[in-house]
Amino acid sequence: MPARLLLPAPGAQPPPQGPVSWLARPKLVPQPVEMVDQLAEPVLPVLVDPERIGLVFDNLIGNAVRHSPKGGRILVRARPQSGFVRFEIEDQGPGIPPEYQQRIFEKFFRMPGTKGEGIGLGLYISREIVSAHGGQMGVDSEPGQGSRFWFTLRVPSLPPPRG
Ligand SMILES: Nc1ncnc2c1ncn2[C@@H]1O[C@H](COP(=O)(O)OP(=O)(O)OP(=O)(O)O)[C@@H](O)[C@H]1O
Ligand SMILES: [Mg+2]
C-alpha cells in the first residue's frame, strides 16, 4: 500500500529527509492538488548533490502543480531500473503534444499559450543537472492524458569488501 501524502498547511513541520520531503514545500502549492507517492521500498541509495537534485524535484513538481486541474492528482514514484533508480512525476494536466516533447527541454522554450510566471529554463536546467549526475530525463505524454516526466539516477556500485 503506497503511502499517501496530502500537503501540509503552510508552516507545518516538513517530513523527514528523503525524496518525499520535496513534496511538502508549501510554496509549490498555489491550488489544491493531491500528492501521492509510490516510492518502492526499499529505495536504493543514489549518489546526488541534494541541493541540485532538489531543484529538479522543485521544477518537475512545480510544473505538475501549475498544470494540474483543481484537485488533480500528482503521483511521484521511484523504482529500481538496472543500475539506476527511475523517478517519475505524473500529473493529470493537459499533456504535451508530440511536437513539443523534445522542445520543452530547450532553453527559454515555453509551449504556446503557457500562462503565468516562468521563463522556460526549468526543464533545461533540470536535464543538465540530471545529465551531470550520469542520468537521463524525458517525458511521456499524450494530449489530454496528463504528463509523466521521468529521470534516472545511477546507483553507485558497492566498494569491494575489505580484507
Ligand atoms: N507538467 C506539465 N504539463 C504541461 N506542460 C508542461 C508541464 N511541464 C512543463 N510544461 C511546458 O513546458 C514548458 C517548459 O517548462 P520549464 O519548466 O522549462 O519552464 P517554465 O515552468 O515555463 O519556467 P521556469 O521553470 O523557468 O520557471 C512550460 O512553459 C510548459 O509550456
Ligand atoms: Mg518550470
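The values are calculated or read from the model by the stated rules, or taken from the named source; none is laboratory data. From a predicted model like this one, the values you see are computed outputs, not experimental measurements. Using ideal geometry, Cβ is built from the backbone for each residue, glycine included, and neighbour counts are taken over all protein chains shown.
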Selected residue (criterion: modelled with the lowest pLDDT) from residues of region 142-160 that are surrounded by 14 or more Cβ atoms within 10 Å (Cβ to Cβ) and assigned to a loop (DSSP other than H, G, I, E, B): V155
Of the residues in region 99-109 that are surrounded by 15 or more Cβ atoms within 10 Å (Cβ to Cβ) and in a loop (DSSP other than H, G, I, E, B), the one that is farthest from ligand 1 (Cβ to nearest atom) is Q101
Mind listing whichever residues of region 41-95 are within 25 Å of R110 (Cβ to Cβ), aromatic (F, W, Y) and touching a Lys or Arg at 6+ places or on another chain (Cβ under 8 Å)? F87
D58 vs. criteria within 19 Å of V36 (Cβ to Cβ), within 12 Å of ligand 2 (Cβ to nearest atom) and of a type in the set (D, E): yes
The one condition in (1) within 28 Å of V46 (Cβ to Cβ); (2) at pLDDT 90 or above; (3) hydroxyl-bearing (S, T, Y) that T114 fails to fulfil: (1)
Could you tell me whether region 133-144 includes any residue that is near ligand 1 (Cβ under 10 Å from one of its atoms), touching a helix residue (DSSP H, G or I) at 6+ places or on another chain (Cβ under 6 Å) and hydrophobic (A, V, I, L, M, F, W, C)? no
Where a residue in region 110-128 is outside any loop (DSSP other than H, G, I, E, B) and its partner, wherever it lies, is near ligand 2 (Cβ under 9 Å from one of its atoms), with Cβ under 8 Å and at least six apart: G122/N59; G122/G62; G122/N63; L123/N59; L123/N63; I125/N59; S126/N59; S126/L60
Restricting region 108-143 to residues that are away from ligand 2 (no atom under 16 Å from the Cβ) and among the polar types (S, T, N, Q), the residue that is nearest to L55 (Cα to Cα): S131
